[in-house]
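One structure below.
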Amino acid sequence: MNDEVAYNGWLKIIVRHIGNRSYDILKDHDAVAAIITNHANEILLVKQFRPALMKETLEIPAGTIDNLYENKIDCVIRELKEETGLEIPQDLIRPVLLYQPNVGFSDRTMNLFHVQLNTAEHGSYVIRDEDVSEIIWLKITDLAKMIDSGEILDVKTIIAYLYLNQNTRKI
């Protein structure tokens with residue numbers, strides 16, 4: 001195996017030579033995402049602009065672990081505060097699953113967590129992330145409709161719905 005750096009920015013692209021073949025490998029940061037639910041059977045989504053798509057999307061809050069010294073729990077706490085204004089104590093954060101969304105060309109790992117809030121009150125949120133324009137509480141049944149219609153295509157949000165649908169009695 002022989003690697004060479006083709007691009008070295010916030011993301012890296014490595015050209016990996018194996019035998020007589022070459023592969024482009026994206027070196028991305030690992031990330032965290034949080035499924036935030038309440039007793040009204042709602043899920044919290046953030047509306048944010050995505051430059052790759054040139055539009056706003058609705059998705060569960062998430063962010064990258066871009067500091068080598070930050071652990072996954074601290075990262076999810078920080079991201080939730082930045083994107084939603086919520087200050088979630090560590091003891092409310094439950095791990096759901098770990099997955100690699102793009103195994104064909106990246107070794108990135110996504111860490112998915114669940115936070116069940118004890119209130120259905122929505123309150124006001126102070127968003128500290130310039131890409132997030134709005135916080136939306138959505139009925140989980142409405143989330144299913146938006147996924148079915150193709151309005152929501154984000155993989156972590158679809159996995160969140162599948163998790164909630166599978167574990168409805170446990171939540």
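Every read-out reported here was derived from the displayed coordinates using simple, explicitly stated rules and does not represent laboratory data. No experiment lies behind these values; they were computed from the predicted model shown. Counting neighbours? That spans all protein chains shown, and the Cβs are built from the backbone with ideal geometry, glycine included.
Explain nothing, just the number: dipole magnitude of the chain about its Cα centre with +1 on each Lys and Arg Cβ and -1 on each Asp and Glu Cβ, in debye rounded to the nearest 20. Numbers along the way, then the final one.
Working: 18 positive and 26 negative charges, 109 e Å.
Once rounded to the nearest 20, the dipole reads 520 debye.
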>> Can you give the FRET efficiency to the nearest 0.05 for Gln100 and Trp137, using r as the Cβ-Cβ distance and R₀ = 25 Å?
In response: 0.25
> Roughly what % antiparallel, to the nearest 5, for the DSSP beta bridges in the range 29-170?
Replying inline: 75 percent
> Once you mark the chymotrypsin sites (Phe, Trp or Tyr not before Pro) that are in a DSSP loop and have at most 14 other Cβ atoms within 10 Å, what is the longest gap between them in the chain?
Replying inline: 106-171
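Provide His39, His29, His114 in ascending order of the number of other Cβ atoms located within 10 Å of each residue's Cβ, fewest first.
Values: His39 11, His29 14, His114 19.
Fewest-to-most ranking of His39, His29, His114: His39, His29, His114.
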> If one computes the Cα centroid of the range 141-166 and of the range 79-128, what distance in Å separates the two points?
Replying inline: 16 Å
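Just in the range 47-155: which GluC sites (Glu not before Pro) are loop by DSSP and have at most 15 other Cβ atoms within 10 Å? Spell out each step's value before the answer.
Numbers: sites: Glu56, Glu59, Glu70, Glu79, Glu82, Glu83, Glu87, Glu121, Glu130, Glu134, Glu151; in loops: Glu70, Glu87, Glu121, Glu130, Glu151.
Sites meeting the loop and neighbour criteria: Glu70, Glu87, Glu121, Glu130, Glu151.
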> Which value in nm describes the separation of the simple spin-label points at Phe49 and Asp148, placed 7 Å from the Cα toward the beta carbon?
Replying inline: 3.3 nm
> Whose amide H sits under 5 Å from the amide H of Ser106, counting only residues 5 or more places off or on another chain, with H placed in the peptide plane?
Replying inline: Leu26
> About its Cα centre, how strong a charge dipole does the range 3-42 have in debye, to the nearest 20, once Lys and Arg get +1 and Asp and Glu get -1 at the Cβ?
Replying inline: 180 debye
> How big, in percent, is the set of alpha carbon pairs in the chain lying more than 20 Å apart?
Replying inline: 56 percent
> Picking from Val76, His39, Pro89, whose Cα lies most toward the positive end of the charge dipole for the chain (charges on Cβ: Lys, Arg +1; Asp, Glu -1)?
Replying inline: His39
